[in-house]
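The values are calculated or read from the model by the stated rules, or taken from the named source; none is laboratory data. No experiment lies behind these values; they were computed from the predicted model shown. A quick note on method: Cβ atoms are made from the backbone with ideal geometry, for glycine too, and the neighbour counts reach across all protein chains shown. For the accessible areas, the whole protein counts, side chains as well, though only heavy atoms, and no ligand, DNA or RNA atoms are used. Shrake-Rupley method; radii C 1.70, N 1.55, O 1.52, S 1.80 Å.
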Amino acid sequence: MFKLTRARILSAAFAAVLSPGQLQAKTFDIDIVHSNIAFFIDHLGFSRVIGVARGFEGTFEFDTANPEASSLDVKVKVASISTNNTQRDSDIQGADWFNATEFPDITFVGKEFKTTGAKSGTILGNLTIAGVTQPAVLDVVFNKEGENPWDKSHVVGFSAETTVKRSDFGMKAALGMIGDDVKLYIEIEGRGR
């Protein structure tokens, strides 16, 4: 009788662990109010220009128990990129840089998700800028998942960074004076649906 009871308990436990609801990742929308995308690029070796993207959107799926099954799809509006200088911002929208008229969006689609530690991982994906798609790897830190105390929404947060070469995307204006390497820093909060 003990064996039967124990078997039933184990069976119920496995059923709970393996239920479809437990295996499915949660879907999150990027909360733009609490998320940021910033970049740094060398200027003549004297300093680094800082830019931000003010307009972006995206969704991702994430489950702490199975992060490798995640998904990510982000779109950035090129017109929203600001470096705190009107003339420079106008220049980078042009054909020598982002070519915003023909390619108004930058996109990143995650393809492969790997854990590298208890709260760290990488996302390999396709980054498309100015109509050119190249692979890019984000180094990601999982910050926290839980309830937002103000509105009771389910929230998850990440920090990420990567470096890309602008010349890989056809942006070769002023190379040698303006840096080729662009460092990206990303802070994301996602709200569960």
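Worth a mention:
- Residues of the range 146-189 with amide N under 16 Å of a point placed 7 Å along Cα→Cβ from LEU44: 174-179
- Crossing angle, helix 2-17 versus the chain [Cα axis fit, 0-90 degrees, rounded to tens]: 20 degrees
- Across the range 126-182, C-alpha contacts under 8 Å between residues 6 or more apart give a mean separation that, scaled by the residue count, equals a relative contact order of 31 percent.
- Space enclosed by the convex hull of the alpha-carbon atoms of the chain, per residue, Å³: 146 Å³
- Label-reachable residues, the range 117-136, where backbone N falls under 20 Å from a point 7 Å from ASP180's Cα toward its Cβ: 127-136
- With contacts taken as Cα pairs under 8 Å at a separation of at least 6 residues, the chain carries a relative contact order of 22 percent.
- Note, ³J(HN,Hα) from phi for the range 55-71, Karplus 6.51, -1.76, 1.60, rounded to Hz, x at Gly and Pro: x, 7, 8, x, 9, 8, 10, 8, 9, 4, 7, 8, x, 5, 8, 6, 9
- Apportionment of accessible area to carbon and sulfur, the chain, percent (1.4 Å): 57 percent
- The string of couplings for the range 168-185 from the Karplus curve (6.51, -1.76, 1.60, θ = phi - 60°) is 5, 10, x, 8, 10, 4, 6, 4, x, 10, 9, x, 8, 6, 10, 8, 10, 10 Hz, one whole number per residue in order, with x for Gly and Pro.
- In Hz, Karplus ³J(HN,Hα) per residue of the range 72-83 (6.51, -1.76, 1.60; θ = phi - 60°; x = Gly, Pro): 7, 9, 10, 10, 10, 7, 4, 4, 8, 6, 10, 10
- Using a probe of 1.4 angstrom and keeping all protein chains present, the accessible surface of the chain works out to 61 square angstrom per residue.
- Structure-based [θ]222 nm, the chain - -39500 (n - 2.57) summed over DSSP H runs of at least 4, per residue, nearest 500: -4000 deg cm²/dmol
- Cut-off 19 Å (backbone N to label point 7 Å along Cα→Cβ of ASP96), residues of the range 154-190: 166-182
- Spin-label model, ASP151 to VAL33: label points 7 Å out along the Cα-to-beta-carbon direction sit 0.5 nm apart.
- Placing R0 at 22 angstrom, the Cβ-Cβ distance between ASN66 and GLU187 gives a FRET efficiency of 0.40 after rounding to 0.05.
- Sorting 107-116, 82-91 by their mean Cβ neighbour count within 10 Å, with the most densely packed peptide first, gives 107-116, 82-91.
- Out of every Cα-Cα pair that the range 89-192 contains, those further apart than 20 angstrom amount to 50 percent.
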